[in-house]
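Asker: For reference, the structure I am asking about is given below.
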Amino acid sequence: MPWVTRGLADGVVTTRYPARPDGYGSGFRAAVVVNGTLPAGRSDAVVGLCPTDAIRVAREVPVVDPDRCVLCGRCVEALPEVFSFSPALETAHRSRPLEANSDGPLASTRTALATRTRALRRSIYVRHVDAGSDGSEEWEVAALTGPIYDVQRLGVYFTASPRHADLLLVTGAGSVAMAEPLRRTYDAMPAPKVVVAVGTDAATGGPLRASYAGTVGVTELIPVDVVVPGSPPSPFSILHGILLAVGLLDPASTSARVRP
Ligand code: SF4
């Protein structure tokens with residue numbers, strides 16, 4: 001029984017996130033950050049560089065739209081003094097701007113969700129829909145139920161039925177063929193419900209943006225509450241998005257992570 005000795009030797013591999021930060025995730029590409037301005041007279045240095053038009057420049061200061069960035073690294077390779085990868089894994093953000101530093105409509109949905117789950121003494125149930133993904137996000141979503149991330153320890157379970165689900169997790173660009181099934185799944189879920197769009201494709205359509213097969217992301221198809229950018233985002237980032245959506249993170253620590 002070599003698995004017994006191997007298990008004993010490995011010890012507990014499950015992350016303690018979000019109770020504690022986890023260094024395991026620091027090797028992931030989580031986001032691109034801008035560290036400075038473009039070299040003088042080189043405001044055209046990023047023209048044609050980004051495959052998804054995620055970079056815009058205002059007075060030689062580049063700004064990266066995380067919802068469009070596919071983390072390809074071309075900008076980091078070409079201009080390492082300006083761009084770099086951030087290992088900060090808590091990249092999820094609410095899909096709408098905040099009002100007076102509150103969660104806005106998401107706050108009331110969370111409260112109603114908490115009331116319902118507490119009354120029935122049950123966990124949060126997640127329905128995952130692949131709305132035209134390239135498959136990369138699915139690997140990361142599947143990892144959530146494995147021994148490293150073990151999302152069940154936080155009272156979060158996946159369900160095959162939208163009628164039992166509190167949270168809709170959507171991957172993929174929202175292909176034309178999946179638009180109606182996605183809408184029907186959303187409509188079949190009982191209110192209150194929250195929607196988390198996972199990946200750059202789901203956020204804005206990604207490289208297939210507005211092609212013959214795709215749309216500009218699932219935000220055009222159903223109301224989205226939280227977006228997890230990245231292509232694909234790591235399981236830590238997806239977990240952050242789920243916990244942010246259902247209010248299982250410290251509100252003080254999440255307020256600063258809202259995209260303006
Ligand atoms: S990493 Fe790639 S997709 Fe992201 S901003 Fe840079 S060039 Fe654009």
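Laboratory data are not the source of any read-out in this text; all were calculated from the coordinates shown. For clarity, every value in this text was computed on a predicted model and none was experimentally measured. Methodologically, a virtual Cβ is constructed for each residue, glycine included, from the backbone with ideal geometry; neighbour enumeration extends over all protein chains shown.
Asker: Just to check I understand the Karplus step: with θ = phi - 60° and J = 6.51 cos²θ - 1.76 cosθ + 1.60, what whole-Hz values come out for region 51-67, glycine and proline as x?
Answerer: Result, ordered by residue: x, 10, 6, 7, 9, 10, 10, 10, 6, 6, 9, x, 10, 9, 7, x, 6 Hz.
Asker: Using modelled amide H (1.01 Å from N, peptide plane; none on Pro or chain starts), what sits under 5 Å from the amide H of residue 133, excluding residues fewer than 5 places away?
Answerer: Residues meeting the criterion, in which the H sits 1.01 Å from N, are 173.
Asker: Report Rg(Cα)/(2.2 N^0.38 Å) for the chain, keeping two decimals. Could the numbers behind the result be given before it?
Answerer: On the way: Rg = 19.2 Å, N = 260, 2.2 N^0.38 = 18.2 Å.
Against the compact-globule rule of thumb, the ratio is 1.05.
Asker: Quote the FRET efficiency, to the nearest 0.05, computed for residue 115 versus residue 88 with a Förster distance R0 of 30 Å and r equal to the Cβ-Cβ distance.
Answerer: It comes out at approximately 0.40.
Asker: Charges only on Cβ, +1 for Lys and Arg, -1 for Asp and Glu: so what's the dipole of region 26-86 about the Cα centre, in debye to the nearest 20? Show your work: numbers first, answer last.
Answerer: Numbers: 6 positive and 7 negative charges, 7 e Å.
Dipole magnitude for region 26-86 comes out near 40 debye.
Asker: Could you please report the charge total around residue 44, scoring K, R as +1 and D, E as -1 over all other residues with beta-carbon less than 14 angstrom from its beta-carbon?
Answerer: Combined, the nearby Lys, Arg, Asp and Glu give +2.
Asker: Same structure, new question: What list of ³J(HN,Hα) couplings, whole Hz, do you get for region 167-180 from phi and the Karplus terms 6.51, -1.76, 1.60, once you set θ to phi - 60° and write x for glycine and proline?
Answerer: With the stated coefficients, region 167-180 comes to 10, 9, 9, 10, 10, x, 7, x, 5, 4, 5, 9, 4, 6 Hz.
Asker: Let me ask something additional. Give a residue-ordered list of calculated ³J(HN,Hα) values for region 183-190 (Karplus: 6.51 cos²θ - 1.76 cosθ + 1.60, θ = phi - 60°; whole Hz; x for Gly, Pro).
Answerer: 4, 5, 5, 4, 5, 6, 7, x
Asker: Now a separate question. Amide H neighbours of residue 159 under 5 Å, at least 5 residues apart or on other chains, H built in the peptide plane: list them.
Answerer: Long-range HN contacts for residue 159: 126, 127, 128.
Asker: Okay, moving on. Just name one of 76, 189, 223: the one whose Cα is farthest towards the positive end of the charge dipole of the chain (beta-carbon charges, Lys/Arg +1, Asp/Glu -1).
Answerer: Positive-end residue among those listed: 189.
Asker: Around residue 82, which amide H atoms from residues at least 5 apart in sequence, or from another chain, sit under 5 Å from its own amide H, with H modelled in the peptide plane?
Answerer: The answer is none.
Asker: What is region 206-251 by shape, rounded, prolate or oblate, if you read a ≥ b ≥ c off the alpha carbon gyration tensor as root eigenvalues and call it rounded for a/c under 1.5, prolate for a/b larger than b/c, and oblate otherwise?
Answerer: Because a/c hits 1.5 or more and a/b fails to exceed b/c, region 206-251 counts as oblate.
Asker: Counting helices only, and only those DSSP H runs with n ≥ 4, report the 222 nm mean residue ellipticity of the chain as the sum of -39,500 (n - 2.57) divided by its residues, in deg cm²/dmol to the nearest 500. All intermediate terms of the calculation are to be shown ahead of the outcome.
Answerer: Details: 8 runs with 72 residues, N = 260.
Calculated at 222 nm, the ellipticity per residue is -8000 deg cm²/dmol.
Asker: Decide, for region 26-86, between rounded, prolate and oblate: order the square roots of the alpha carbon gyration tensor eigenvalues as a ≥ b ≥ c, take rounded if a/c falls under 1.5, and otherwise choose prolate if a/b is larger than b/c, else oblate. Before the final figure, lay out the partial values.
Answerer: Details: a/c = 1.86, a/b = 1.48, b/c = 1.25.
It comes out prolate by the Cα gyration axes.
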